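Peer 1: Here it is: the structure, laid out below.
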Amino acid sequence: MVFNIMDKINNNSIGIVKSNTVAIKQSLKLDCGKTLNDFSLIYETYGRLNSEKSNAILICHALSGDHHAAGYYSDEDKKPGWWDSCIGPGKPFDTNKFFIVSLNNLGGCKGSTGPNSINKETGLEYGPDFPIVTVNDWVNSQKLLADYLEIDKWACVIGGSLGGMQALQWAISYPDKIKNSIIIAAAAKLSAQNIAFNEVARQAIITDPEFHNGRYNDFNVVPRRGLSIARMLGHITYLSDDSMRQKFGRDLREGKLNFGYDIDFQVESYLRYQAQAFVERFDANTYLLMTKALDYFDPAKEYSGDLSRAFKDTKSRFLVVSFTSDWRFSSSKSHEIVKSLIRARKNVSYSEIEANHGHDAFLMPIPEYLKVLRNFMENINE
């Protein structure tokens, strides 16, 4: 069964993969002051762990990502994992060389403990009672996963967007447990504008009549309208003006104006399609949690806003990548990280990639981008 799937996937795919779930019995004290006494994390692995256990890489996902970063679950799947362009034999994150771990974060909706899980203390679904989690909490839970896998030190921790924030936090929180960090299209803290976008998205969800104070599952409904609007808003910010102009322009879906409030333009049709697809695969309470984790991330806060001091004890080698058309996490935010690392006298490389895809560029197989990642990874000493 190794497969006629090969007829429809790109060469160098890792092919069929499966997920694993681990029950963590150790208590996890969260930044909000609450404690999770036990929880589960779902994850996938690609490649083989060497005998020294020195070739392990951790992939951290962004807001709407999950553990399925590469490969296919069956030969019926139409699409591979979300970072299949980067993970596999001969790809930048080469599974012939590295053992790659990708998980669904705590609070997620794809198999790790989150709002849709049963609270063992009450016997009821957590729903809105699931505690607020932070990037720091995620990193601490990922450390427990590393312990379970008997990985003492990551050869590299990698992430884009919110995933890049986790890679940054790993270097700060566990300097002796990480050799290299790749931080892509990220920021050391959100701007007021970015927090504002997230708040509008949350309000769209919370004010949906079907939200029911986060207890929508009790009523067998979903706050579809609110979650759809949140996704449409987010999607606009992930694209650049150039990419939207090239993809849609002002093209009319039916070739004429309808003089009404239904769909006239192709871009409207696209946004509605993306929103509906998102509602089918994501959870509203998880979306709220993820946006709050974004808002709260600020590792320099406990150092009086001095990011270079936050990096003082880090031992990792860093690669920071940004994209010219990304206005949600602009290159200037990456410059702040790089300058702070330089002030802290750390080993850092930086690349700004010319691309018109906006924030979503970090998911795209842009040749120059893949080259930068590959060059950095080839110089990793396991």
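The values are calculated or read from the model by the stated rules, or taken from the named source; none is laboratory data. Keep in mind it's a predicted model, so treat the numbers as computed, not measured. All Cβ positions, glycine included, derive from the backbone under ideal geometry; neighbour counts span all protein chains shown.
Peer 1: Filtering the range 338-374 down to residues that are touching a residue at least 60 places away in the same chain (Cβ under 8 Å) and part of a loop (DSSP other than H, G, I, E, B), which residue is surrounded by the most Cβ atoms within 10 Å (Cβ to Cβ)?
Peer 2: Residue satisfying both the conditions and the ranking: 357.
Peer 1: Give 159, 163 a once-over and let me know the one that is closer than 23 Å to residue 29 by Cα, assigned by TED's automatic domain parsing to the domain that holds residue 107 and in contact with a Cys (Cβ under 8 Å, 6 or more places away or on another chain).
Peer 2: One residue alone meets the criteria, 163.
Peer 1: Next up: Of everything in the range 1-19, what is modelled with pLDDT of 90 or more and surrounded by 14 or more Cβ atoms within 10 Å (Cβ to Cβ)? Give them in sequence order.
Peer 2: Within the range 1-19, 14, 15, 16, 17, 19 qualify.
Peer 1: Please tell me if residue 174 is touching a strand residue (DSSP E or B) at 6+ places or on another chain (Cβ under 9 Å) and either surrounded by 20 or more Cβ atoms within 10 Å (Cβ to Cβ) or outside the structural domain of residue 29 (by TED's automatic domain parsing) (or both).
Peer 2: yes
Peer 1: Can you find a residue in the range 51-62 that is in a loop (DSSP other than H, G, I, E, B), among the polar types (S, T, N, Q) and under 20 Å from residue 374 (Cα atoms)?
Peer 2: Yes, there is a match, as at least one residue in the range 51-62 is in a loop (DSSP other than H, G, I, E, B), among the polar types (S, T, N, Q) and under 20 Å from residue 374 (Cα atoms).
Peer 1: Contact list please: Cβ distance under 6 Å, first residue in the range 75-101 and of a type in the set (Ser, Thr, Tyr), second residue in a loop (DSSP other than H, G, I, E, B), pairs at least six apart or on different chains.
Peer 2: 85/365; 95/14; 95/47; 95/89
Peer 1: Residues 315, 301: which one is closer than 20 Å to residue 158 by Cβ, of a type outside the set (Phe, Trp, Tyr) and surrounded by fewer than 16 Cβ atoms within 10 Å (Cβ to Cβ)?
Peer 2: Answer to the check: 315.
Peer 1: So is residue 232 surrounded by 15 or more Cβ atoms within 10 Å (Cβ to Cβ), free of Cβ contacts under 8 Å to residues at least 24 places away in the same chain and under 26 Å from the mean Cα position of the chain (by Cα) or not?
Peer 2: no
Peer 1: Go through the range 207-222 and count every residue that is surrounded by fewer than 16 Cβ atoms within 10 Å (Cβ to Cβ) and assigned to a helix (DSSP H, G or I).
Peer 2: 4
Peer 1: Could you list all residues from the range 85-97 that are part of a loop (DSSP other than H, G, I, E, B) and surrounded by fewer than 24 Cβ atoms within 10 Å (Cβ to Cβ)?
Peer 2: Answer for the range 85-97, where residues must be part of a loop (DSSP other than H, G, I, E, B) and surrounded by fewer than 24 Cβ atoms within 10 Å (Cβ to Cβ): 85, 89, 90, 91, 92, 95, 96, 97.
Peer 1: Which numbered condition in (1) out of contact with any strand residue (DSSP E or B) (no Cβ under 8 Å at 6 or more places or on another chain); (2) basic (Lys, Arg); (3) in a loop (DSSP other than H, G, I, E, B) is the only one that residue 110 fails?
Peer 2: For residue 110, the failing item is (1).
Peer 1: Something else: Output the number of the condition that residue 263 fails; it satisfies all remaining conditions of (1) more than 23 Å from the chain's Cα centre (by Cα); (2) within 27 Å of residue 324 (Cβ to Cβ); (3) outside any helix (DSSP H, G or I).
Peer 2: Tallying (1) more than 23 Å from the chain's Cα centre (by Cα); (2) within 27 Å of residue 324 (Cβ to Cβ); (3) outside any helix (DSSP H, G or I), residue 263 fails exactly one: (2).
Peer 1: Among the residues of the range 265-291, how many are surrounded by fewer than 18 Cβ atoms within 10 Å (Cβ to Cβ) and either within 17 Å of residue 108 (Cα to Cα) or of a type outside the set (S, T, N, Q) (or both)?
Peer 2: 7
Peer 1: How many of the residues making up the range 148-185 are more than 19 Å from residue 378 (Cα to Cα) and part of a loop (DSSP other than H, G, I, E, B)?
Peer 2: Of the residues in that region, 7 qualify.
Peer 1: Go through the range 266-295 and give me each residue that's in contact with a Leu (Cβ under 9 Å, 6 or more places away or on another chain), assigned to a helix (DSSP H, G or I) and of a type in the set (Phe, Trp, Tyr).
Peer 2: Of everything in the range 266-295, those that are in contact with a Leu (Cβ under 9 Å, 6 or more places away or on another chain), assigned to a helix (DSSP H, G or I) and of a type in the set (Phe, Trp, Tyr) turn out to be 278, 287.
Peer 1: Turning to a different aspect of this structure: Could you check how many residues of the range 115-124 are assigned to a strand (DSSP E or B) and in contact (Cβ under 8 Å) with a residue 40 or more places away in the chain?
Peer 2: Residues in the range 115-124 being assigned to a strand (DSSP E or B) and in contact (Cβ under 8 Å) with a residue 40 or more places away in the chain: 0 in total.
Peer 1: If I go through the range 45-64 residue by residue, how many of them are closer than 18 Å to residue 109 by Cα and out of contact with any strand residue (DSSP E or B) (no Cβ under 9 Å at 6 or more places or on another chain)?
Peer 2: So the answer is 2.
Peer 1: Filter the range 125-144 down to the residues that are farther than 14 Å from residue 41 by Cα, within 19 Å of the chain's Cα centre (by Cα) and not in a loop (DSSP other than H, G, I, E, B) and list them by number.
Peer 2: Residues satisfying the conditions are 135, 136.
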